[in-house]
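K.L.:
Below: one structure in structure tokens.
The values are calculated or read from the model by the stated rules, or taken from the named source; none is laboratory data. Values in this document were obtained by computation on a predicted structure and should not be read as measured data. In this analysis, Cβ positions are derived from the backbone assuming ideal geometry, glycine residues included, and neighbour counts consider all displayed protein chains. With ligands, DNA and RNA removed, areas are computed over all heavy atoms of the protein, side chains included. Shrake-Rupley method; radii C 1.70, N 1.55, O 1.52, S 1.80 Å.
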Amino acid sequence: MIKNEPHATECELHIEVWADRIVMHQFPTSYENIALNLIFEWLGESRYNRSSEEYGTIAARIPSLDACHAYVNQRLQEFKLNGTRPFDGICRFKAGDKIVRFEEFPESMSRETVRTALVVSGMSTLKRIRRSTH
């Protein structure tokens, strides 16, 4: 989006300024992606192909960290009990690794993993920006 666009909303301008200042140096890990997918599922939203305004609106709807953590762990326990895990294992292969290893699908996640997922994805920052402008 170009800052001079007359139809740009205040939230879009703040998001653009935020994007100009933040350099994303990492992508969500496999565990963080699971947490994000579950949180977006909880909100009835898709994670992909959204405008910055839509991401801002979704971010403002994200409940507290404690609520997100509880929901993520509840869903992980449901997967375990039902035997309906989305996939069998997680590969943490990265550049330089010589051996491919798989881990079991998680049965729980720490509060810190859920928090980091929201931070790395930019959703916690968007949430603050969105709430401060409305």
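K.L.:
Of the conditions (1) without any contact (Cβ under 8 Å) to a residue 24 or more places away in the chain; (2) surrounded by 12 or more Cβ atoms within 10 Å (Cβ to Cβ), TYR55 satisfies every one except a single condition; which number is it?
P.N.:
(1)
K.L.:
Still on this structure: List, please: which pairs have Cβ atoms under 8 Å, are six or more places apart or on different chains, and start with a residue in segment 75-94 that is among the charged types (D, E, K, R) and end with one that is assigned to a loop (DSSP other than H, G, I, E, B)?
P.N.:
GLU78/THR84; LYS80/GLU107; ARG85/PHE105; ASP88/PHE105; ARG92/THR29; ARG92/ARG101
K.L.:
Given the structure, is ARG131 of a type outside the set (Ser, Thr, Tyr), open to solvent by 40 Å² or more (accessible area, probe 1.4 Å), in contact (Cβ under 8 Å) with a residue 60 or more places away in the chain and part of a helix (DSSP H, G or I)?
P.N.:
In short, yes.
K.L.:
Taking the conditions exactly as written (polar (S, T, N, Q), at pLDDT below 90 and more than 14 Å from MET123 (Cα to Cα)), does GLN77 satisfy them or not?
P.N.:
So GLN77 does not fit the description; no.
Residue-by-condition table, conditions (1) on the phi > 0 side of the Ramachandran plot; (2) more than 20 Å from the chain's Cα centre (by Cα); (3) polar (S, T, N, Q); (4) in a helix (DSSP H, G or I):
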residue	(1), (2), (3), (4)
ILE58	no, no, no, yes
ASP66	no, no, no, yes
HIS69	no, no, no, yes
GLN74	no, no, yes, yes
ILE90	no, no, no, no
GLY96	yes, yes, no, no
GLU103	no, yes, no, no
PRO106	no, no, no, no
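K.L.:
I'd like the residue in segment 32-49 that is part of a helix (DSSP H, G or I) and open to solvent by 60 Å² or more (accessible area, probe 1.4 Å) and, out of all such residues, is nearest to ALA67 (Cα to Cα).
P.N.:
Looking at the filtered set, the residue picked out is TRP42.
K.L.:
Looking at segment 97-125, which of its residues are without any contact (Cβ under 8 Å) to a residue 12 or more places away in the chain and more than 30 Å from TYR55 (Cα to Cα)?
P.N.:
If the condition is that a residue be without any contact (Cβ under 8 Å) to a residue 12 or more places away in the chain and more than 30 Å from TYR55 (Cα to Cα), then ASP97, LYS98, ILE99, VAL100, ARG101 are the ones that fit.
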